[in-house]
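**Q** Supplied in structure tokens, the structure appears directly below.
The values are calculated or read from the model by the stated rules, or taken from the named source; none is laboratory data. Every value quoted in this text rests on a predicted model; they were computed, and no experiment measured them. Don't worry about glycine lacking a Cβ; one is built from the backbone with ideal geometry, like all the others, and counts go over all protein chains shown.
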Amino acid sequence: MGLFKRFKKPEANVLLTIPKSTFELGDTLKGAITVSCDDEFDATEVRAELRCIEKRRRERWEYNEHLKRKVRRVYWDQATLHSTDPCASGKLHLLPGFKKTFPFKADVPAGGRESFDGIDANITWSIKGVVAIKGRPDVTSETIELQVVKPAGPRAVKEKEVVMIPCEYCETLMPETSSSCPNCGAPRKT
């Protein structure tokens with residue numbers, strides 16, 4: 001391998017395909033990574049990289065020497081909430097003309113955060129396909145942004161059925177759990 005070849009990506013294409021772009025928390029994300037190459041090289045693995053990144057807008061007061069006073073500086077704080085790299089294939093020796101599709105699956109954690117985009121904060125889920133190469137830059141696919149939503153749980157709440165009994169004095173129906181009649185105020189007899 002030439003000296004400058006170490007700094008250059010191999011001539012290869014990586015295509016990540018997923019059946020949909022919206023997932024619920026707790027879902028299993030299934031997809032495929034298609035690798036085609038026009039160069040000979042050794043890959044350490046073929047994997048997908050699933051990331052959940054939270055960005056928050058922050059403010060800080062800093063002293064400006066030129067203005068001789070404090071000025072407000074706005075910046076964005078970034079934190080990785082979830083990161084997983086499901087492996088689709090182990091070590092490979094790729095030759096010119098090689099083309100193969102590798103299936104993979106990754107779990108979106110049930111306790112994760114759903115996608116959100118606001119003025120002061122946002123949460124972004126993304127995935128990309130990677131062919132990792134030792135000693136050279138990795139070949140990657142385009143990054144796909146995912147929409148992760150809360151699972152649609154059961155909407156109907158079962159209410160307990162209230163048994164109604166007649167008052168012994170005025171014959172008005174009242175709940176069985178009442179201690180007195182709501183109409184005449186008479187105590188309930190057991």
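**Q** Taking the stated definitions as given, is Glu65 more than 25 Å from the chain's Cα centre (by Cα) and modelled with pLDDT of 90 or more? Explain how you work it out, then say what you get.
**A** Values: more than 25 Å from the chain's Cα centre (by Cα): yes; modelled with pLDDT of 90 or more: yes.
Yes; evaluated as a whole, the condition is true for this residue.
**Q** Still on this structure, please answer the following. Given the structure, is Thr80 surrounded by 13 or more Cβ atoms within 10 Å (Cβ to Cβ), of a type in the set (Ser, Thr, Tyr) and either modelled with pLDDT under 90 or within 19 Å of Arg51 (Cβ to Cβ) (or both)?
**A** Criteria not met by Thr80.
**Q** Need the failing condition index for Ala43 against (1) touching a residue at least 60 places away in the same chain (Cβ under 8 Å); (2) within 30 Å of Arg113 (Cα to Cα); (3) of a type in the set (Gly, Ala, Ser), just the number.
**A** Evaluating Ala43 over (1) touching a residue at least 60 places away in the same chain (Cβ under 8 Å); (2) within 30 Å of Arg113 (Cα to Cα); (3) of a type in the set (Gly, Ala, Ser) leaves (2) as the failure.
**Q** Does Ile53 satisfy the condition of being under 27 Å from Ile144 (Cα atoms), in contact with a Ser or Thr (Cβ under 6 Å, 6 or more places away or on another chain) and part of a strand (DSSP E or B)? Walk me through it before giving the result.
**A** Working: under 27 Å from Ile144 (Cα atoms): yes; in contact with a Ser or Thr (Cβ under 6 Å, 6 or more places away or on another chain): yes; part of a strand (DSSP E or B): yes.
Here the answer is yes, as Ile53 does meet what is asked.
**Q** Please go through the range 25-39 and pick out each residue that is within 14 Å of Ile127 (Cα to Cα) and buried (at least 20 other Cβ atoms within 10 Å of the Cβ).
**A** Our first condition is that a residue be within 14 Å of Ile127 (Cα to Cα); within the range 25-39, this holds for 28-33.
Leu29, Gly31, Ile33, listed by residue number.
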